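Inspection log for the structure reproduced underneath, given as structure tokens.
The values are calculated or read from the model by the stated rules, or taken from the named source; none is laboratory data. If you're wondering where the values come from, they're calculated on a predicted model, not measured in any experiment. Here Cβ is always computed from backbone atoms with ideal geometry, including for glycine, and neighbour counts include all displayed protein chains. Please note that ligands, DNA and RNA were not included when accessible areas were found on the heavy atoms of the full protein model with its side chains. Shrake-Rupley method; radii C 1.70, N 1.55, O 1.52, S 1.80 Å.
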Amino acid sequence: MSTNKTNPGNRLHDSPLTRRLQDSPLTRRWQDSPLTRRWHDMGGDPAGPVPKDQHDFAIWEKRVDALMIIGAAKGYFTVDGLRRVLEDMGEEAFETMAYYERWVASISQNLIEGGAYTTAELAEKMAEVANRGDTYGDAAKGPA
Amino acid sequence: MMQKVRVKPLMPPGHVRTPAYLRGKTGVIERSLGAFPNPEDLAYGVAATAKPLHRVRFTMAEIWGADAETPDDTLDAEIYEHWLEPVHAP
């Protein structure tokens, strides 16, 4: 597999380059091991240009952000717990999932650990929501 | 005179906030910031003891060695006391 070993900086973004880098020896050295630093501890690594593009957040992203604030305010977990799970999800999740996709996965894990709901309750709720349809429009029409 | 300290060269698994690139490096305590709940505990939802936090100043030469582009520039990092050990003058 062809890899660009001179520029690992772009690994911070989801791109064809970063996906190729996942299999390179350069990336493998970031894998977790008791004897080496963890993948997210990247201070000092070569870095590419800072992306300066801006975008509006979707409503679901804002809801995920609000869920973090509410979960912390209610005492279920802290930002440290959020970061722990994000980092434990590993580099593959970092490369393949969007920012708030990773957040909602981490928040849900922390809420389960904190006793806000059980995995069984989550499963039932997810099935119920999926049943509403694929789009907000479908959901607004009510049960099929 | 500012207290000279070395960041412990430990590499445990788990939720650690001390940057790997500073472990084993020597700096000076620029100021002490007070005690704060330890994020290494907070991350797991267990009772977090307040630990003293210090702002430690390192030279680029110390961190990057011969690769340092501006060896006399300094970098400050906030590091918990349990990650620091005193360095005594030889």
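Just a few scattered comments:
- Scanning the range B:38-53 for residues being more than 10 Å from chain A (Cβ to nearest Cβ) and either assigned to a loop (DSSP other than H, G, I, E, B) or hydroxyl-bearing (Ser, Thr, Tyr) (or both) gives a total of 3.
- Checking every residue in the range B:2-20 against the condition of being more than 23 Å from residue A:45 (Cβ to Cβ) and exposed (fewer than 14 other Cβ atoms within 10 Å of the Cβ) gives at least one match.
- Pairs, first more than 14 Å from chain B (Cβ to nearest Cβ) in the range A:101-121, second small (Gly, Ala, Ser), C-beta under 8 Å, six or more apart: A:102/A:93; A:105/A:93
- Flag if residue B:83 is aromatic (Phe, Trp, Tyr) and either at the interface with chain A (Cβ under 10 Å from one of its Cβ atoms) or free of Cβ contacts under 8 Å to residues at least 12 places away in the same chain (or both): no
- Positions within the range B:58-85 being open to solvent by less than 80 Å² (accessible area, probe 1.4 Å) and part of a strand (DSSP E or B), in sequence order: B:58, B:59, B:74, B:75, B:76, B:77, B:79, B:80, B:84, B:85
- Within the range A:46-83, the residues that satisfy the criterion of being in a loop (DSSP other than H, G, I, E, B) and small (Gly, Ala, Ser) are A:47, A:48, A:58, A:75.
- Residue in the range B:1-21 that is nearest to residue B:82 (Cα to Cα), counting only those that are more than 8 Å from chain A (Cβ to nearest Cβ) and not in a loop (DSSP other than H, G, I, E, B): B:7
- Restricting attention to the range A:50-98, the residues that are within 12 Å of chain B (Cβ to nearest Cβ), within 21 Å of residue A:40 (Cα to Cα) and surrounded by fewer than 16 Cβ atoms within 10 Å (Cβ to Cβ) add up to 1.
- Count of the range B:25-37 residues which are within 12 Å of chain A (Cβ to nearest Cβ), farther than 26 Å from residue A:85 by Cα and either open to solvent by less than 40 Å² (accessible area, probe 1.4 Å) or out of contact with any helix residue (DSSP H, G or I) (no Cβ under 6 Å at 6 or more places or on another chain) (or both): 0
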